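The block underneath contains the structure these notes are about, expressed in structure tokens.
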Amino acid sequence: MRFLFGDHVLDTAHRELSRGGEQIAVEPQVFDLLVYLLQNRERVVSKHDLLASVWGGRIVSDATLDSRIRAARRAVGDSGTAQTLIRTFARKGVRFVGEAREAKPAARAPEMTAEPRPPELALPDRPLIAVLPFVNLSGDPEQEYFVDGMVEEIITALSRIRWLFVIARNSSFTYKGQATDLRRVGRELGVRYVLEGSVRRAATACASARS
């Protein structure tokens with residue numbers, strides 16, 4: 001299912017959010033929050049609703065919940081001051097108040113059978129690496145954006161190395177907040193090397209690559 005609002009398109013099947021045709025980087029939990037608000041845009045959803053649906057019933061702090069709502073607003077070009085799309089109702093909850101409509105994914109054109117298709121090109125003969133989301137050891141939920149930003153910078157820097165093939169952020173960030181087995185991650189992403197790490201508030205980071 002796709003949700004269209006303004007110049008945004010949120011595609012639940014491909015877990016992508018785009019604006020004006022350009023993809024927007026959104027961490028998985030924030031994406032799930034946006035999907036839930038859009039699916040329930042006819043009503044105000046409470047904190048209990050969000051915890052049950054987005055966090056799977058886990059208890060999280062109000063600061064964490066507020067930070068995810070702020071991140072959702074930033075992703076769709078909204079703000080806590082404007083609240084043109086995501087509005088907070090005091091002591092009640094939040095609601096997606098923007099104009100939105102649902103659309104089914106566009107049907108794929110039938111493949112031509114008159115001529116055989118040329119074989120698909122194989123992946124470059126380069127080492128493949130995935131950079132997993134780093135663990136925030138500071139205990140401060142507000143540092144999540146700093147930690148995620150650091151990982152994005154590492155992915156960008158590694159992508160500039162011509163002899164290295166780096167898995168896209170959208171794929172590696174699906175493991176955020178999960179206890180991961182690196183060998184399983186390597187098999188699922190089709191990579192030999194996996195980079196994991198952690199960050200403390202003192203701005204020191206440790207990371208390791210495993211094959």
Taking only pairs six or more apart or across chains, which ones have beta-carbon atoms under 8 Å, a first residue in the stretch 1-14 that is polar (S, T, N, Q), and a second residue that is surrounded by fewer than 16 Cβ atoms within 10 Å (Cβ to Cβ)?
Thr12/Met1
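For Arg87, state whether it is basic (Lys, Arg), assigned to a strand (DSSP E or B) and either outside the structural domain of Tyr145 (by TED's automatic domain parsing) or modelled with pLDDT of 95 or more (or both). Before you say what the answer is, go through the steps one by one.
Values: basic (Lys, Arg): yes; assigned to a strand (DSSP E or B): yes; either outside the structural domain of Tyr145 (by TED's automatic domain parsing) or modelled with pLDDT of 95 or more (or both): yes.
So Arg87 passes the test.
Within the stretch 143-195, track down each residue that is assigned to a helix (DSSP H, G or I) and among the aliphatic types (A, V, I, L, M). Full working, then the answer.
Pass one, the stretch 143-195, residues assigned to a helix (DSSP H, G or I): 143-159, 169-175, 182-189.
Matches in the stretch 143-195: Val147, Met150, Val151, Ile154, Ile155, Ala157, Leu158, Leu182, Val185, Leu189.
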For the stretch 15-35, name all the residues that are out of contact with any strand residue (DSSP E or B) (no Cβ under 8 Å at 6 or more places or on another chain), touching a residue at least 12 places away in the same chain (Cβ under 8 Å) and part of a loop (DSSP other than H, G, I, E, B).
Arg15, Gly20, Ala25, Glu27
Might you let me know whether the stretch 51-65 holds any residue that is at pLDDT 85 or above, touching a strand residue (DSSP E or B) at 6+ places or on another chain (Cβ under 9 Å) and assigned to a helix (DSSP H, G or I)?
yes
Look through Arg41, Arg73 and report the one residue that is outside any loop (DSSP other than H, G, I, E, B), within 13 Å of Phe96 (Cβ to Cβ), out of contact with any helix residue (DSSP H, G or I) (no Cβ under 9 Å at 6 or more places or on another chain) and in contact (Cβ under 8 Å) with a residue 12 or more places away in the chain.
Arg73
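The values are calculated or read from the model by the stated rules, or taken from the named source; none is laboratory data. No experiment lies behind these values; they were computed from the predicted model shown. Ideal geometry is used to build each Cβ from the backbone, glycine not excepted, and the neighbour counts take in all protein chains shown.
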